[in-house]
Ligand SMILES: Cc1cc2nc3c(=O)[nH]c(=O)nc-3n(C[C@H](O)[C@H](O)[C@H](O)COP(=O)(O)OP(=O)(O)OC[C@H]3O[C@@H](n4cnc5c(N)ncnc54)[C@H](O)[C@@H]3O)c2cc1C
């Protein structure tokens, strides 16, 4: 099928892009990598009257690494970010999540900020942002505002972006000292959206015991589901036996649905197993880690 008709603009200036989008109001959409939007147009599941292509807008192309973390501009492709060694060193969860996003061909075009703005409940990068308590910089006619990750994704494919606003960058903070991270998931085929995925961040003290632990589950709730597991795990070691109870507590908060890919019960089971696995891997990656090394079959 062909997309419905739309007016196409390719501005080179951010204020111009914001102006065009604001004029279009509810009927306008940003076009970034097009990896999600173009299929939706072709299937006529979306019919915006105006597309504002941001691929030539100056100032959105940078990856900046500093003491706070990594700032990713709206034009940065998943693949570019994946290849950035300074970003990977500062925030290892970026690379751990990005390698699970679709296939390399899609990562070559799709943007990380576009993925966050698209807000698919099965997407990895909104979960990375949520787990790290990052933020999205948003530009509209009224100026720039910063939206914390916890407030950005408001539902499946829904965000705090108002009509006329562009997400100009995402900020991924460095993890606290002593923290290891991991992202694991199960998908029917390599590169498919995950049936369930779990990202985890575990902080160890000098004695190798856990001082903080959080996870973020995807594909089991309308938004990335962040669960603080510190109360369950503080003072414990990262042995799988110790992690199981915390993983079960995280899975209890999941609210998956049956669909053609998997039943809700299976997804809840995956949430528990994958959370335990992600916690174990995160602890093993933390400096001074004494965790069991888990070598499960999932990606
Ligand atoms: C076969 C296939 C498999 C995939 N598998 C996965 C997967 O496993 N995991 C995963 O996370 N993703 C997956 N994706 C999606 C991919 O990661 C996309 O790159 C991503 O969802 C959207 O990024 P984009 O730059 O292509 O955005 P686009 O397709 O251009 O836009 C998507 C939506 O976000 C909005 N948008 C984009 N950028 C901005 C912005 N800067 N400001 C405001 N709104 C904006 C658009 O208006 C549109 O509504 C898959 C895609 C395909 C086709």
Simple spin-label estimate for residue 189/residue 38, 7 Å along Cα→Cβ, in nm, reads 1.9
Site residue 151, offset 7 angstrom along Cα→Cβ, radius 20 Å on amide nitrogen, limited to the stretch 165-181, gives 165-173
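With a ≥ b ≥ c taken as the square roots of the eigenvalues of the C-alpha gyration tensor of the chain, please select rounded if a/c is under 1.5 and otherwise prolate if a/b is larger than b/c or oblate if it is not? Spell out each step's value before the answer.
On the way: a/c = 2.22, a/b = 1.63, b/c = 1.36.
It comes out prolate by the Cα gyration axes.
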Per the C-alpha gyration tensor (a ≥ b ≥ c, the square roots of its eigenvalues), the stretch 7-53 is rounded if a/c is under 1.5, else prolate if a/b beats b/c, else oblate; here it's oblate
Check: C-alpha center the stretch 111-126 vs C-alpha center the stretch 16-30, spacing in Å is 21
With Cα springs under 10 Å, the Gaussian network model of the chain assigns the largest mean-square fluctuation among 283, 187, 130 to 187
Helix 14-24 sits off the longest principal axis of the Cα atoms of the chain, rounded to the nearest 10 on a 0 to 90 degree scale, by 70
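May I ask you to compute the full-extension gain from residue 141 to residue 228, defined as 0.36 nm times their residue separation minus their alpha-carbon distance, rounded to one decimal in nm? Spell out each step's value before the answer.
Numbers: separation 87, 0.36 × 87 = 31.32 nm, distance 3.64 nm.
Going from the current span to full extension adds 27.7 nm.
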The simple spin-label model distance between residue 23 and residue 99, using points 7 Å out along Cα→Cβ, in nm, is 4.6
If one compares the long axis through the Cα atoms of helix 240-252 with the longest principal axis of the Cα atoms of the chain, the angle in degrees, nearest 10, works out at 40
Under the 7 Å Cα-to-Cβ spin-label approximation, residue 255 and residue 13 lie apart by a distance in nanometres of 4.6
Taking Cα atoms only, helix 264-285 is inclined relative to the longest principal axis of the chain by an angle, in degrees rounded to 10, of 70
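Readers should treat all values here as calculations from the given coordinates under stated rules, not as data from a laboratory. What you see is a predicted model, and the numbers here were worked out from it, not measured in a lab. Positions of Cβ are generated from backbone atoms using ideal geometry, with glycine treated the same way; all protein chains shown enter the neighbour counts.
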